[in-house]
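One structure below.
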Amino acid sequence: MTDLARAGVAETARLVTEGEISARGVVEQALGRIDQRDRALNAISRLLVDEAIAEAQERDAALAAGEPAGPLHGVPLVIKEEIDVAGTVTTFGGDANSTPAAADAEVVRRLRAAGAVIVAKTTMPEFGAFPFTESSSRGVTRNPWDPSRTPGGSSGGTAAAVAAGMVPAGLGGDGGGSIRIPSASCGLFGLKPQRGRVTTAPHPHLWWALGTAGPLTRSVVDSALVYDAIRGNVEGDLYTAGGDEPFVAAARREPGRLRLGWSTKPVTLGVRPDPVHVRAVEDTARLLADLGHDVREVDPRYPDPTAAFVPQFFAGIRAEADQVEHFERLERRTRETYRLGSWVTPKVIDRALRVTEQVSAKANRVFQGPQGLDVLLTPAIAHRPPPVGRLDGVGTVRASLRSMPAISYAAIWNVAGNPAASVPCGVAADGLPVAVQLVGRTDDEVTLFSLSAQLEAARPWPLLAGDAR
């Protein structure tokens, strides 16, 4: 009998559609695992027991009636707190909202249309401001590999739930590394798509040019399956992306011989990568060369993204804070961040978006010209996952400084807009996962999916936290 805790998205959907287990059976087992495992992790902020069982029964009835099954039929998923799920409060990780959302966000609607079942909402730091999943209202979320360590953030609740085997996958968001950082910390595959690949509806944008939604999964093809279900735009989206090749097809084909460059140079001055991550990049570069790729060390000549990133960060927090029902219930640090961002006027945002275009052009030089790269390989994060409590008693400035090692390789690609993926590459001597980052050309997620799947086949990673022990 298949261990459903280890079954991924594709396998779970197959089991349900072939009648080996009902959607209700799958969902009830997932709810049981959440009940058993989340006490030690605090990944789940709202459990949707009755709603999920009713939805699973609808999936079973549709299958029994001969209706076609979607690619995610019967798959239980979790959703980060910043994304609307009808009938639940969109808390953004805090207590400032109290009215349930009237409708699903478009990405959630698409997941349901593909057959998925929403079983829970997941913890996040308030407004996703920092890469540690800690808040005064939700408490501390812990890494299933080592509960004394952070799972990263801001999609740390989703990462912990997936890495612990509660569900096969979940949705997160990435405005400065918030899919890739928790994926790297928890041993998951997490790809930030091209800017505009996934709609942000009902909102026209997520932190202007920086943010996007996407899945955290235990395998490359599972990520591709979820992305193929949610990708695409609606009228009113601020950005759109090019290219229409299905990601699942890309994940299931060989990438061909690619030009790959690697670098461990951080974007952020004063940040030094942990030797574990330097070795991971060097080992991955050697493996890629052994797989037949043209691999070389490069200097990416990163531009400084600060003038583009910082105004959009502050404006994003302020925009979300302006929309909550009970501003006075926001965390003290969030209200401080709101005040510190008062200088970000509409004119400042317009300038930041112009600078974003300039940073993107400079960052993409590494992919251009006759010797341009197909893929850039870097560390995913600079530090090992630190102990929990990184946000205890600190204000906006100290929290930002403590965030630098986490975002030092990630945030620039939010500014540039390029797709970038955190790819697991084993477990270090400290018992925690290790990951590298693969960055693709504009609109070229397909190459990242193909290459990541090739790495996964050549160097399989543990499916669940603790498997490598």
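The values are calculated or read from the model by the stated rules, or taken from the named source; none is laboratory data. In this text, all values refer to a predicted model and were calculated from it rather than measured experimentally. Here Cβ is always computed from backbone atoms with ideal geometry, including for glycine, and neighbour counts include all displayed protein chains. Surface accessibility is based on the protein's heavy atoms, side chains included, excluding ligands, DNA and RNA. Shrake-Rupley method; radii C 1.70, N 1.55, O 1.52, S 1.80 Å.
Couple of notes before you dig in:
- J(HN,Hα) series, segment 22-33, from Karplus relation 6.51 cos²θ - 1.76 cosθ + 1.60, nearest Hz, glycine and proline x: 7, 4, 4, x, 4, 5, 5, 5, 4, 4, x, 5
- ARG37 accessible area, assembled protein chains, probe 1.4 Å, Å²: 70
- Segment 232-313, relative contact order [Cα under 8 Å, separation at least 6], %: 34
- Net charge of neighbours whose Cβ lies under 12 Å from the Cβ of GLY175, counting Lys and Arg as +1 and Asp and Glu as -1: +1
- Residue among CYS186, ALA10, THR334 farthest towards the positive dipole end of the chain, charges placed on Cβ: THR334
- In a reduced charge model with +1 at each Lys and Arg Cβ and -1 at each Asp and Glu Cβ, the chain shows a dipole moment near 1440 debye about its Cα centre.
- Fully extended contour minus Cα-Cα distance, from LEU269 to ARG332, at 0.36 nm per residue: 19.8 nm
- The calculated FRET efficiency for ASP3 paired with THR306, based on their beta-carbon distance and R0 = 60 Å, is about 0.80.
- Point-to-point label distance, GLU18-ALA113, nm (Cα→Cβ direction, 7 Å offset): 2.8
- Residues in segment 362-380 that a label on ARG259 would reach, taking backbone N under 18 Å of a point 7 Å out along Cα→Cβ: 362-378
- Considering only ALA129, ASN143, THR99, the residue lying farthest towards the positive end of the dipole of segment 96-143 is ASN143, judged by Cα position with unit charges set on Cβ.
- The chain - percent of accessible surface contributed by carbon and sulfur, probe 1.4 Å: 51
- Gain upon complete extension [ALA102, LEU238; 0.36 nm per residue less C-alpha separation]: 46.7 nm
- Computed from label points 7 Å out along Cα-Cβ, the spacing between VAL278 and VAL49 is 5.2 nm.
- Computed 3J(HN,Hα) for segment 365-380, one whole-Hz value per residue from the Karplus formula 6.51 cos²θ - 1.76 cosθ + 1.60 where θ = phi - 60°, is 4, 5, 9, 10, x, x, 9, x, 7, 8, 8, 9, 10, 9, x, 7, glycine and proline marked x.
- The H on the amide N of ILE79, modeled in the peptide plane, is under 5 Å from the matching H of ALA120, LYS121, THR122, LEU171, each at least 5 residues off or on a different chain.
- Adding -39500 (n - 2.57) for every DSSP H run of four residues or longer, then dividing by how many residues the chain holds, sets the calculated 222 nm ellipticity at -11000 deg cm²/dmol.
- Amide H partners (placed H, <5 Å) of VAL295, local residues excluded: LEU260
- Cβ charges +1 (Lys, Arg) and -1 (Asp, Glu), total dipole of segment 165-297, debye: 260
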